[in-house]
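Just below is one structure, and these are the notes that go with it.
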Amino acid sequence: MNSPDSGRDPGPDPGRRVLLFSSIGHALMHLMTAFYAVIVLTLAIAWKLPAEDLLRLYAPASVLLGVMSLPAGWASDRFGAPAMMVAMFVGLGLSSIACGLVPTGDTFALSLALCGIGTFGAIYHSVGIGWVIRTAREQGHAMGVNGLWGSAGLALYGIVPGVLITLASWRAAFIVPGVVCLAVGAVLLVEIGRGRIGDRPMPETPGVEVGRGNFWRVFSVLSVTMALEGITWAAVMYGAALVFQSRLGDQIAWLRDGLASWGVVTQAVLWVGLATSMIYIVSGVAQYAMGRRIIDRYPLKTTYVVASALQIGAMLALAMGNGYVALAGAIGSAVLSSAAGPVENILIARYTPSRYHGLGFGAKFVVSLGASPFAILAIAWVRESTGSLEPLFLGLAATSVVITLVALLLPGAERARSQAYLVERAAL
């Protein structure tokens, strides 16, 4: 692998440091590419504009979040994953701060700053995921830990802006995470300079033949499932807050009134944010457990097919359930996506030659994240047309049926780890 750090000695176990910085990056990336879905609820009031119109401002950024994954992956293959991760931290930080400094009502400037978040956020998945898998001793476990941090970021996307808006303003909700991101990038740069962060080629996995035929079979199937799953994931991420705002309205009002009687004044957006955070708190813990107990032990295809099939029920709960049932459906959907994502990543890492890992992961996330704008535009259109998101989630239940059927075409003999690999790892 052509990496500027490949000739340096990062220490006895570089995988741990890689996992730490990649996991922090995963959390910050998800926080900063999702928190606009909560901030927009307050921004609509402050700017006196419809929330649907302001939500559309993020559509170009979501396109860039997918499209820019491919050039980011190419740059990672050329310049190395550590350097690209520094670029991500710095770029995300500056873009988020820019969002917080836009003049009131300037939708064009806000859209440009959001595009910066999308562009630099695109670096993470095409760079950070492969970086972890290449350097990890136990890939499923590493994916579980990394996924837990990513889910923490998604959980914080509801809490952080809700708290910062309550304590300060919507501007602080952009600026404070941006400053944190810049600080992490500076620390990573220092670690690279000291030679304590590096990279390595993908270790061979027993029983896996890396060849053009197998690669194209796996990637062709995943291209379809990842695109459709990407729409489902984005619909839950950006639509859940709107669903909770309407279906949990009475419960939120009761909580606010109860606290107000004790002199504690809260905004509705804080409670909506907490509800959305519950989705990713639970899914993060579940992903960590699945990485240790399922992904490293059971056939990857079986795990993927079962997770896809169970999404049907989650979408029906979001479509037709009351507030609590919809919340359970959103949590279930996030948990199931947390099972499917690591399987996709491990399959791509194993069937793609190491020198093309950046391009392989970049192509994956062009497909999966590039589908997000369709979900965002569909949310706005369906809500304007019908006043609810029920038709959208009913359609996604049917989409989950298609995902399940296509996933059956994946290679059936692949296990996360063969017995020989388990023996080898146990000896380390």
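Residue-wise test of (1) closer than 16 Å to F361 by Cα; (2) surrounded by fewer than 23 Cβ atoms within 10 Å (Cβ to Cβ).
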site	(1), (2)
H30	no, no
Y36	no, no
A44	no, yes
W47	no, yes
A61	no, no
L64	yes, yes
A75	yes, yes
F79	yes, yes
M85	yes, no
If I filter the stretch 405-428 down to residues being surrounded by 19 or more Cβ atoms within 10 Å (Cβ to Cβ) and part of a helix (DSSP H, G or I), which single residue comes out as modelled with the lowest pLDDT?
Y421
Please name all residue pairs, on different chains or six or more residues apart, with Cβ atoms under 8 Å, provided the first residue is in the stretch 43-66 and is within 21 Å of Q245 (Cα to Cα) and the second residue is surrounded by 15 or more Cβ atoms within 10 Å (Cβ to Cβ) and among the basic types (K, R).
E52/R383
Among the residues of the stretch 90-118, the number that are buried (at least 22 other Cβ atoms within 10 Å of the Cβ) and among the β-branched types (V, I, T) is 1
Residue among I159, I197 that is over 26 Å from L43 (Cβ atoms), buried (at least 17 other Cβ atoms within 10 Å of the Cβ) and either touching a residue at least 12 places away in the same chain (Cβ under 8 Å) or among the basic types (K, R) (or both):
I197
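Taking the conditions exactly as written (at pLDDT 80 or above, assigned to a helix (DSSP H, G or I), surrounded by fewer than 16 Cβ atoms within 10 Å (Cβ to Cβ) and at negative phi), does Y304 satisfy them or not?
No, not satisfied.
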Yes/no for L70 being crowded, with 19+ Cβ neighbours inside 10 Å, over 22 Å from D106 (Cβ atoms) and in contact (Cβ under 8 Å) with a residue 60 or more places away in the chain:
yes
Of all residues being free of Cβ contacts under 8 Å to residues at least 40 places away in the same chain and within 20 Å of A326 (Cα to Cα) in the stretch 366-390, which is surrounded by the fewest Cβ atoms within 10 Å (Cβ to Cβ)? Just the residue, please.
G387
Residues of the stretch 311-333 satisfying the condition of being among the aliphatic types (A, V, I, L, M), at pLDDT 90 or above and surrounded by fewer than 20 Cβ atoms within 10 Å (Cβ to Cβ)
I312, L316
If G273 meets every condition in (1) surrounded by fewer than 23 Cβ atoms within 10 Å (Cβ to Cβ); (2) at pLDDT below 75 apart from one, which number is that one?
(1)
For the stretch 372-395, how many residues are within 24 Å of H125 (Cα to Cα) and touching a Ser or Thr at 6+ places or on another chain (Cβ under 9 Å)?
4
Suppose we filter A227, A241, A234 for residues that are modelled with pLDDT under 80, within 20 Å of the chain's Cα centre (by Cα) and surrounded by 17 or more Cβ atoms within 10 Å (Cβ to Cβ); which single one remains?
A241
Which condition number does V401 fail, the rest of (1) within 23 Å of V306 (Cα to Cα); (2) among the β-branched types (V, I, T); (3) surrounded by 21 or more Cβ atoms within 10 Å (Cβ to Cβ) being met?
(3)
Number of positions in the stretch 253-269 that are assigned to a helix (DSSP H, G or I) and surrounded by fewer than 21 Cβ atoms within 10 Å (Cβ to Cβ)
9
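Quick grid of which residues meet (1) at pLDDT 85 or above; (2) more than 23 Å from V367 (Cβ to Cβ); (3) not basic (K, R); (4) not in a helix (DSSP H, G or I):
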position	(1), (2), (3), (4)
A109	yes, yes, yes, no
G118	yes, no, yes, no
H141	no, yes, yes, no
V145	no, yes, yes, no
A155	no, yes, yes, no
I165	yes, yes, yes, no
G185	yes, yes, yes, no
L188	yes, yes, yes, no
V208	no, no, yes, yes
Residue hits (the stretch 276-299; surrounded by 23 or more Cβ atoms within 10 Å (Cβ to Cβ) and either modelled with pLDDT of 75 or more or of a type in the set (G, A, S) (or both)) are T276, I279, S283, G284, G291
In the stretch 349-365, how many are under 17 Å from the mean Cα position of the chain (by Cα) and either surrounded by fewer than 24 Cβ atoms within 10 Å (Cβ to Cβ) or polar (S, T, N, Q) (or both)?
1
Give the stretch 113-152 a look and list any residue that's of a type in the set (A, V, I, L, M), over 18 Å from M237 (Cβ atoms) and touching a Leu at 6+ places or on another chain (Cβ under 9 Å), or say none.
A113, I123, V132, A136, A142, V145
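The values are calculated or read from the model by the stated rules, or taken from the named source; none is laboratory data. Everything numeric here is computed off the predicted structure, so don't read it as measured data. Using ideal geometry, Cβ is built from the backbone for each residue, glycine included, and neighbour counts are taken over all protein chains shown.
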